[in-house]
1. Please go through region 106-130 and pick out each residue that is in a helix (DSSP H, G or I) and closer than 30 Å to residue 19 by Cβ.
2. Can you tell me how many residues within region 9-27 are in contact (Cβ under 8 Å) with a residue 40 or more places away in the chain and either surrounded by fewer than 16 Cβ atoms within 10 Å (Cβ to Cβ) or not in a loop (DSSP other than H, G, I, E, B) (or both)?
3. Has region 135-149 got any residue that is under 13 Å from the mean Cα position of the chain (by Cα), within 18 Å of residue 110 (Cα to Cα) and buried (at least 19 other Cβ atoms within 10 Å of the Cβ)?
4. Would it be correct to say that residue 10 is at pLDDT 95 or above, within 19 Å of the chain's Cα centre (by Cα) and farther than 24 Å from residue 134 by Cβ?
5. Testing residue 163 on (1) buried (at least 18 other Cβ atoms within 10 Å of the Cβ); (2) modelled with pLDDT of 95 or more, one condition comes back false. Which one is that?
6. Find the residue count for region 99-121, including only residues that are more than 16 Å from residue 167 (Cα to Cα) and surrounded by fewer than 13 Cβ atoms within 10 Å (Cβ to Cβ).
7. I need the full set of residues from region 46-74 which are out of contact with any strand residue (DSSP E or B) (no Cβ under 9 Å at 6 or more places or on another chain) and loosely packed, with under 15 Cβ neighbours inside 10 Å, in order please.
């Protein structure tokens with residue numbers, strides 16, 4: 001596979017799961033990969049574009065979403081007036097929460113984003129990524145998401161600590177990067193509408209360090225290519241049980 005095994009992993013997973021989008025390689029780096037990237041970018045749209053083949057970079061200067069500037073850690077909201085204005089937009093404008101208390105309660109369950117004011121988020125299809133990603137984001141339907149999460153649990157039996165209630169960028173990027181957990185995001189509803197996300201698509205984010213182990217599990221796990229089998233004693237037990245029920 002050479003030195004860029006993740007590229008082969010991408011092709012393997014795309015074929016195995018019959019994906020419409022390539023797995024998206026994401027890294028948060030301190031030096032720009034694309035020079036003079038002034039084109040404004042929304043991170044929620046960038047995930048989809050990267051899955052379709054684009055190389056994109058999102059940073060403090062070219063970020064096009066005010067919410068993402070906060071949720072990705074490009075800047076802190078220190079002015080109470082601005083913070084209250086944002087909360088008013090979310091509750092009364094976007095109408096995503098029934099009350100300010102509900103919004104506050106959700107935010108209390110989300111860790112503060114790290115300081116990424118000098119960082120660059122680089123996204124590309126994993127089969128074209130030049131360096132090892134930190135995170136892989138899959139744009140998938142329900143069946144593929146089930147298979148991916150089954151793989152994650154297959155590795156060690158630990159259920160991912162899924163958090164789905166927050167903004168797309170926070171839950172599909174920052175949370176899995178900070179926690180090392182796989183996560184599921186349906187896209188927040190505002191982002192779904194703005195990006196015209198297909199109705200059957202959602203996001204599964206998996207830290208890259210789990211991906212090689214998932215590849216090794218393909219032949220062993222029924223979410224991959226392994227066939228479900230009934231050991232003889234279990235088959236006999238089932239047959240006896242059914243006979244007992246019938247009589």
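1. The first filter runs over region 106-130 and keeps only residues in a helix (DSSP H, G or I), leaving 106-107, 126-128.
The answer is 126, 127, 128.
2. Pass one, region 9-27, residues in contact (Cβ under 8 Å) with a residue 40 or more places away in the chain: 9-14, 16-27.
After this cut, where a residue has to be either surrounded by fewer than 16 Cβ atoms within 10 Å (Cβ to Cβ) or not in a loop (DSSP other than H, G, I, E, B) (or both) as well, the list is 9-14, 16, 18, 20, 24-27.
The number of residues fulfilling the criteria is 13.
3. Scanning region 135-149, I find no residue that is under 13 Å from the mean Cα position of the chain (by Cα), within 18 Å of residue 110 (Cα to Cα) and buried (at least 19 other Cβ atoms within 10 Å of the Cβ), so the answer is no.
4. It is false that residue 10 is at pLDDT 95 or above, within 19 Å of the chain's Cα centre (by Cα) and farther than 24 Å from residue 134 by Cβ.
5. (2)
6. The total comes to 4.
7. Selection gives 61, 66.
Table: residues versus (1) farther than 20 Å from residue 202 by Cα; (2) touching a helix residue (DSSP H, G or I) at 6+ places or on another chain (Cβ under 7 Å); (3) in contact (Cβ under 8 Å) with a residue 40 or more places away in the chain.
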position: 113; (1), (2), (3): yes, yes, yes
position: 117; (1), (2), (3): yes, no, yes
position: 123; (1), (2), (3): no, yes, yes
position: 126; (1), (2), (3): no, yes, yes
position: 129; (1), (2), (3): yes, yes, yes
position: 148; (1), (2), (3): no, no, yes
position: 151; (1), (2), (3): no, yes, yes
position: 159; (1), (2), (3): no, yes, no
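The values are calculated or read from the model by the stated rules, or taken from the named source; none is laboratory data. Just so it is clear, the model here is predicted, and its values are computed rather than measured. In this analysis, Cβ positions are derived from the backbone assuming ideal geometry, glycine residues included, and neighbour counts consider all displayed protein chains.
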